[in-house]
Amino acid sequence: MKLTVIGTGYVGLVAGACFAETGNDVVCVDKDEAKIRLLRKGKMPIFEPGLEEVVRRNVADKRLTFTTQLPKAVRSASVIMIAVGTPQGEDGSADLQHVLGVAREIAKAMNGYKVIVDKSTVPVGTASRVREIIRRETTYPFSVVSNPEFLKQGGAVADFFKPDRVVIGAEDEKAAEVMRNLYSPFTRTGAPIMVMDCASAELSKYAANALLATKISFMNEIANICELFGADVDQVRHAVGSDHRIGPSFLFPGTGYGGSCFPKDVKAIIKFTADKGYDFRIVKAVDAVNHLQKSVLASKMEKHLGSLKGKMIAVWGLSFKPRTDDMREAPAVVLIERLLAAGARVQAFDPEAMPVAKQLFGNRIVLAPTSYKALEGADAMALVTEWNEFREPDFAKMRKAMKTPLIFDGRNIYTREAMRTHGFQYFSIGR
Ligand code: NAD
């Protein structure tokens, strides 16, 4: 199949590369010339495990190309995927300017029947809006499909190759069949391809993210309650998660969810349901709890250290979660801003997000070349992202580097026994 993917970010690049891997001819389009230049040189604009290898192989085999020329790319393909960003607008709504703008550009470039697939996360009703826009501009036949993406950053390639399910909103059988064929190589192990109406497909994505965010905020509140009563959230989590109706995943307390999806998708579903007169109370609470939770480490530090003025704080982990360099809405950003506002100095380290952090903070914080260097002279360390390399560090080396052996662990990656044995004063979440 000839495929064009518009928007070469986490979703578009991964989808484009993976569809090329299964034998399709894929053109990836982006308006960001620097990004396309980089990709043409074989360099990845983002860090995503396994992606570079798939991209390189398919570029070498000439199944995957990159361009900024949208009209030409649209004319060359029968399936066009929209994978541009839908960032949070000022009022919390999903900003659809990129999606609708791209729909207009596609319409103008039409030269025959095309299946136009919306892969971006978009409020219910967007497929209808895209259909209207295209219908106004062209007499060529087309189908609009809603195909929300469920991959997670840090495991995006693996998720794309082995999805739990593929959701397809389609209004006609011809387009549904095209999509089934496209995804059949990825669902050989039995993952279902679920064909439904576009509104249900669009809502499925928001419902899934809102429910996952609910699990996180719920457990963060349970962790806060554990601290009030002297209970241990790890024990509670195990007990709760072993009920098969609940399951063990997504029950880890921490410093709140971040990233480019949960925060904006939670706000968007609150907004587009409110626009229909619906007060989505549970998800509003999820959002409010998350906002508070992002300050939990800073509050613990202030409680223990008193004034943070002049204190040197080491921060381990900057990306919003491990195995990505994405710092959008990362809890580390909230923490660092609060530390700086309180007059503290910050030395930080992250295995992948240092270039992004440099852009974000400039010289306002020190970006240390190694995790141990970040600890030098520190009055305390805050662990914000649970990268694997932080799990079994050389504790003696850590103690030696720090001025005070004091750790605030926002991800509960150490046991309290180990911390005691190694001579650290240790604060974590809900224990
Ligand atoms: P991103 O910001 O990483 O990438 C979007 C890309 O689109 C950018 O490279 C941008 O330059 C490009 N773009 C914007 N307007 C364009 C235009 N008019 N023409 C060509 N290119 C254009 O975004 P992302 O994280 O890949 O997310 C894309 C969509 O997928 C969003 O709706 C997001 O909510 C959804 N989604 C993201 C994830 C994730 O983990 N990141 C997972 C599932 C779904």
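The values are calculated or read from the model by the stated rules, or taken from the named source; none is laboratory data. This one's a predicted model, so the numbers in the text were calculated from it and none came from an experiment. All Cβ positions, glycine included, derive from the backbone under ideal geometry; neighbour counts span all protein chains shown. With ligands, DNA and RNA removed, areas are computed over all heavy atoms of the protein, side chains included. Shrake-Rupley method; radii C 1.70, N 1.55, O 1.52, S 1.80 Å.
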Exercise. So which strands (runs of 3 or more DSSP E) are wholly in region 331-431 and hold at least 3 residues that are of a type in the set (A, V, I, L, M) and touching a helix residue (DSSP H, G or I) at 6+ places or on another chain (Cβ under 7 Å)?
Worked result: 380-383
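Here's the yes/no breakdown for (1) at positive phi; (2) open to solvent by less than 70 Å² (accessible area, probe 1.4 Å); (3) hydrophobic (A, V, I, L, M, F, W, C):
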{"site": "378", "(1), (2), (3)": "no, yes, yes"}
{"site": "384", "(1), (2), (3)": "no, yes, yes"}
{"site": "391", "(1), (2), (3)": "no, no, no"}
{"site": "401", "(1), (2), (3)": "no, yes, yes"}
{"site": "409", "(1), (2), (3)": "no, yes, no"}
{"site": "414", "(1), (2), (3)": "no, yes, no"}
{"site": "417", "(1), (2), (3)": "no, no, no"}
{"site": "423", "(1), (2), (3)": "yes, yes, no"}
{"site": "428", "(1), (2), (3)": "no, yes, no"}
For this session: Of the conditions (1) within 13 Å of the ligand (Cβ to nearest atom); (2) β-branched (Val, Ile, Thr); (3) open to solvent by 30 Å² or more (accessible area, probe 1.4 Å), residue 102 clears all except one; give me its number.
Result: (3)
Exercise. Of everything in region 42-71 that's farther than 23 Å from residue 323 by Cα and assigned to a loop (DSSP other than H, G, I, E, B), which residue is most open to solvent (accessible area, probe 1.4 Å)?
Worked result: 62
Exercise. Hey, among 225, 193, 168, 269, which residue is over 30 Å from residue 408 (Cα atoms) and surrounded by fewer than 19 Cβ atoms within 10 Å (Cβ to Cβ)?
Worked result: 193
Exercise. Name the pairs whose Cβ atoms lie under 9 Å apart, with the first residue in region 249-272 and of a type in the set (Phe, Trp, Tyr), the second part of a loop (DSSP other than H, G, I, E, B) and within 12 Å of the ligand (Cβ to nearest atom), and 6 or more positions between them or separate chains?
Worked result: 257/320; 257/321; 257/329; 262/329; 272/123
Problem set entry | Scope region 16-44; condition of a type in the set (Gly, Ala, Ser), under 23 Å from the mean Cα position of the chain (by Cα) and more than 12 Å from residue 55 (Cβ to Cβ); matching residues | 34
Exercise. Hey, does region 1-21 have a residue that's over 24 Å from residue 266 (Cα atoms), surrounded by fewer than 20 Cβ atoms within 10 Å (Cβ to Cβ) and more than 8 Å from the ligand (Cβ to nearest atom)?
Worked result: yes
For this session: Considering only region 355-375, state which residues are open to solvent by 40 Å² or more (accessible area, probe 1.4 Å) and of a type in the set (A, V, I, L, M, F, W, C).
Result: 356, 360, 366, 367
For this session: For residue 175, indicate whether it is surrounded by 21 or more Cβ atoms within 10 Å (Cβ to Cβ), assigned by TED's automatic domain parsing to the domain that holds residue 80 and more than 18 Å from residue 12 (Cβ to Cβ).
Result: yes
Exercise. Listed residues 64, 38; which is within 18 Å of residue 9 (Cα to Cα) and without any contact (Cβ under 8 Å) to a residue 12 or more places away in the chain?
Worked result: 38
For this session: Please indicate, with yes or no, whether at least one residue in region 132-149 is closer than 27 Å to residue 319 by Cβ, open to solvent by less than 60 Å² (accessible area, probe 1.4 Å) and of a type outside the set (S, T, N, Q).
Result: yes
For this session: Kindly indicate the residue of region 90-99 that is within 10 Å of the ligand (Cβ to nearest atom) and either among the basic types (Lys, Arg) or touching a helix residue (DSSP H, G or I) at 6+ places or on another chain (Cβ under 7 Å) (or both) and also least open to solvent (accessible area, probe 1.4 Å) among those meeting that condition.
Result: 99
Exercise. Which pairs do you get when a residue that is assigned by TED's automatic domain parsing to the domain that holds residue 71, found in region 93-111, comes within reach of a residue that is of a type in the set (Gly, Ala, Ser) and more than 10 Å from the ligand (Cβ to nearest atom), reach meaning Cβ atoms under 6 angstrom, with the pair 6+ apart or on two chains?
Worked result: 95/89
For this session: Sort out which residues of region 28-60 are more than 12 Å from the ligand (Cβ to nearest atom) and in contact with a strand residue (DSSP E or B) (Cβ under 7 Å, 6 or more places away or on another chain), and write them in order of number.
Result: 40, 55, 58
Exercise. Does at least one position in region 115-134 carry a residue that is closer than 20 Å to residue 3 by Cβ, polar (S, T, N, Q) and more than 10 Å from the ligand (Cβ to nearest atom)?
Worked result: no
For this session: Would you tally the residues in region 72-83 being surrounded by fewer than 23 Cβ atoms within 10 Å (Cβ to Cβ) and within 11 Å of the ligand (Cβ to nearest atom)?
Result: 0
Exercise. If you take the residues of region 150-165 that are hydrophobic (A, V, I, L, M, F, W, C) and open to solvent by 20 Å² or more (accessible area, probe 1.4 Å), which of them is farthest from the ligand (Cβ to nearest atom)?
Worked result: 161
Seminar exercise, completed: Exactly one of 174, 162 is more than 25 Å from residue 55 (Cα to Cα) and of a type outside the set (Ser, Thr, Tyr), and that residue is 174
